[in-house]
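> Structure incoming, see below.
The values are calculated or read from the model by the stated rules, or taken from the named source; none is laboratory data. Only a predicted model underlies this, so the values are computations on that prediction, with no experimental measurement involved. When we count neighbours, we look across all protein chains shown, and the Cβ atoms used for this are built from the backbone with ideal geometry, even at glycine.
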Amino acid sequence: MSLKKFTAAGAALVLSMGLAACGSDDPAEGDSAPTPISVYYTSPLAGYSLIQVADDHDLFPDDIDVSVEGGDSTVGVTLASSGRVQMYLNTAPMTENIAHGGAALAWAGTWTEGMNTLFIGRNGVESLEDMKGRSLGIVQPGLTLSVIANDALIDAGLSLDDYQSVSLGTVPALAGAFAAGTVDGAVLDRITAERLLSEVDGSVELFDYYDGTPFVGAGVSVNTDWLEENPDAAVSFLAGLQAALDFMAENPEETKESISAMTGITEPGALDAAYQDFMDHSTDTLMPVSEEQMQASMRMLRNEGNDWATDDFGASVVIDPTYVEQALER
């Protein structure tokens, strides 16, 4: 198995080759040949580091051969939409949007009970209601951070016309704009947000999504066409993720090495914080995506004007929970 961090050159290679690692057109020789599983993770964040841990420490069962790429959300959407990956690590509502577009994709499991992000403000903004007439920094419209920011503000009584959304293009640019004071509010991953709160005078936490809203903050989706043909391989993959969660709890130093490999974080204090953040905001066991999480996701999408985001649709993009149950029994 091999896992490598995403690069721009890697994106071109992945797309041009159609992820050859997914497997060969030739049938496997013999019944014992491992089933190839190609995986993409949407961002190089600590929240997805269990896939790196599983690969680094050979925690996937022998009946599957896992190949992993990741780091760019746009590439991930393309690959998941086209069916060129079997497993896709992402956050709500990416899976929901891709499935609505016609892709055979559904949530398989999650290791979070909420979105591990913070809404932060500055320049005199001390509450979500204070964002009226102010500027909201976003990466770009329609992506997760933008959608969940709108959801919190709408829930606080504002409309989309009450504030100005400013697209910055990347998370680092968004963080930089907040630090410089050119935007009044932003939603960012907890590690980045807490760093800004410690560095920017007058900045305040406005909303903690993990405690306040039951979105899928990090989870894995599966190509359902592939799942129909490979149910045992899917269970084996989920069992490998559970083995990674167990390993991370018992082996902090080795886990930090994997987090560093995925995220590029090298400073010891920052690595300690990233590890602790994962442990504080992850569940002990892999879980099926819950009805409550999907209803929250559908509400979030309806706030964006997506009338198709009904609770029935939400229920249709979650696989049978027995896959996770079988994985936990192994």
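> Restricting to the range 292-330, count the residues that are β-branched (V, I, T) and part of a helix (DSSP H, G or I). Break it down stepwise before answering.
First pass over the range 292-330, keeping only residues β-branched (V, I, T): 310, 317-319, 322, 324.
Going one step further and asking which of them are part of a helix (DSSP H, G or I), we end up with 322, 324.
Total meeting the criteria: 2.
> How many residues are free of Cβ contacts under 8 Å to residues at least 12 places away in the same chain and among the small types (G, A, S) if we restrict to the range 144-172?
Count: 1.
> Let me ask you something else. Across the range 294-316, what is the total count of residues that are loosely packed, with under 13 Cβ neighbours inside 10 Å and aromatic (F, W, Y)?
Qualifying residue count, the range 294-316: 1.
> Sticking with this structure for a sec: Give the range 254-307 a look and list any residue that's on the phi > 0 side of the Ramachandran plot and either charged (D, E, K, R) or touching a residue at least 12 places away in the same chain (Cβ under 8 Å) (or both), or say none.
Initially, the range 254-307 is screened for residues on the phi > 0 side of the Ramachandran plot, giving 264, 305.
Answer for the range 254-307, where residues must be on the phi > 0 side of the Ramachandran plot and either charged (D, E, K, R) or touching a residue at least 12 places away in the same chain (Cβ under 8 Å) (or both): just G264.
> Pull up the range 110-135, narrow it to residues that are part of a strand (DSSP E or B) and touching a helix residue (DSSP H, G or I) at 6+ places or on another chain (Cβ under 6 Å), then point me to the one that is farthest from T42 (Cα to Cα).
Restricting attention to the range 110-135, the residues satisfying the condition of being part of a strand (DSSP E or B) are 110, 117-121, 135.
Narrowing further to those that are touching a helix residue (DSSP H, G or I) at 6+ places or on another chain (Cβ under 6 Å): 117-120.
Values: T117: 16, L118: 19, F119: 21, I120: 23 Å.
Across the range 110-135, the extreme among qualifying residues is I120.
> Can you tell me which residue is modelled with the highest pLDDT among those in the range 169-213 that are hydroxyl-bearing (S, T, Y), outside any helix (DSSP H, G or I) and crowded, with 16+ Cβ neighbours inside 10 Å? Steps first, answer last, please.
Going residue by residue through the range 169-213, those that are hydroxyl-bearing (S, T, Y) are 170, 182, 192, 198, 203, 209-210, 213.
Going one step further and asking which of them are outside any helix (DSSP H, G or I), we end up with 170, 182, 203, 213.
In the following step, the residues that additionally are crowded, with 16+ Cβ neighbours inside 10 Å were identified as 203, 213.
Numbers: S203: 97, T213: 78.
Per the criteria, the residue is S203.
> Look at the range 35-93 and say how many of its residues are of a type in the set (G, A, S), over 16 Å from the mean Cα position of the chain (by Cα) and part of a loop (DSSP other than H, G, I, E, B).
Going through the range 35-93 one residue at a time, the tally reaches 1.
One line per residue, one yes/no per condition, for (1) among the basic types (K, R); (2) over 24 Å from L145 (Cα atoms):
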position: L50; (1), (2): no, no
position: V53; (1), (2): no, yes
position: G71; (1), (2): no, no
position: A80; (1), (2): no, no
position: R84; (1), (2): yes, yes
position: M87; (1), (2): no, no
position: N97; (1), (2): no, no
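> Sticking with this structure for a sec: Please state which of the following conditions E96 fails to meet, knowing it meets all the rest: (1) without any contact (Cβ under 8 Å) to a residue 60 or more places away in the chain; (2) more than 12 Å from the chain's Cα centre (by Cα).
Status for E96: all satisfied but (1).
> Also: Please find, among A270, A261, A244, A218, the residue that is surrounded by 15 or more Cβ atoms within 10 Å (Cβ to Cβ) and over 19 Å from the mean Cα position of the chain (by Cα).
Details: A261 fails: over 19 Å from the mean Cα position of the chain (by Cα); A244 fails: over 19 Å from the mean Cα position of the chain (by Cα); A218 fails: over 19 Å from the mean Cα position of the chain (by Cα).
It is A270.
> While we're here: Give the range 139-156 a look and list any residue that's part of a loop (DSSP other than H, G, I, E, B) and under 15 Å from R299 (Cβ atoms), or say none.
As a first pass, look at the range 139-156 and keep what is part of a loop (DSSP other than H, G, I, E, B): 139-143, 156.
The one that is part of a loop (DSSP other than H, G, I, E, B) and under 15 Å from R299 (Cβ atoms): A156.
> Quick check: is even one residue across the range 99-121 surrounded by fewer than 21 Cβ atoms within 10 Å (Cβ to Cβ), touching a residue at least 60 places away in the same chain (Cβ under 8 Å) and polar (S, T, N, Q)?
No; the residues of the range 99-121 include none that is surrounded by fewer than 21 Cβ atoms within 10 Å (Cβ to Cβ), touching a residue at least 60 places away in the same chain (Cβ under 8 Å) and polar (S, T, N, Q).
> Do we find a residue being touching a residue at least 60 places away in the same chain (Cβ under 8 Å), of a type in the set (A, V, I, L, M) and under 29 Å from V183 (Cα atoms) anywhere in the range 212-232? Please lay out each step first, then the result.
Quick first cut of the range 212-232, residues touching a residue at least 60 places away in the same chain (Cβ under 8 Å) only: 212-227, 230-232.
Right, trim to of a type in the set (A, V, I, L, M) and you get 216, 218, 220, 222, 227.
Retained after the next criterion (residues that are under 29 Å from V183 (Cα atoms)): 216, 218.
Yes.
> Looking at (1) surrounded by 22 or more Cβ atoms within 10 Å (Cβ to Cβ); (2) of a type in the set (A, V, I, L, M); (3) outside any loop (DSSP other than H, G, I, E, B), which is the one condition that is false for V289?
(3)
> Sticking with this structure for a sec: Please find, among A193, A152, A180, the residue that is within 21 Å of the chain's Cα centre (by Cα) and over 22 Å from S290 (Cβ atoms). Working first, answer last.
Numbers: A152 fails: over 22 Å from S290 (Cβ atoms); A180 fails: within 21 Å of the chain's Cα centre (by Cα).
That would be A193, the only listed residue that is within 21 Å of the chain's Cα centre (by Cα) and over 22 Å from S290 (Cβ atoms).
> Hey, can you tell me all the residues within the range 6-59 that are modelled with pLDDT of 50 or more and of a type in the set (A, V, I, L, M)? Reasoning before the result, please.
The first filter runs over the range 6-59 and keeps only residues modelled with pLDDT of 50 or more, leaving 30-59.
Scanning the range 6-59 gives A33, I37, V39, L45, A46, L50, I51, V53, A54, L59.
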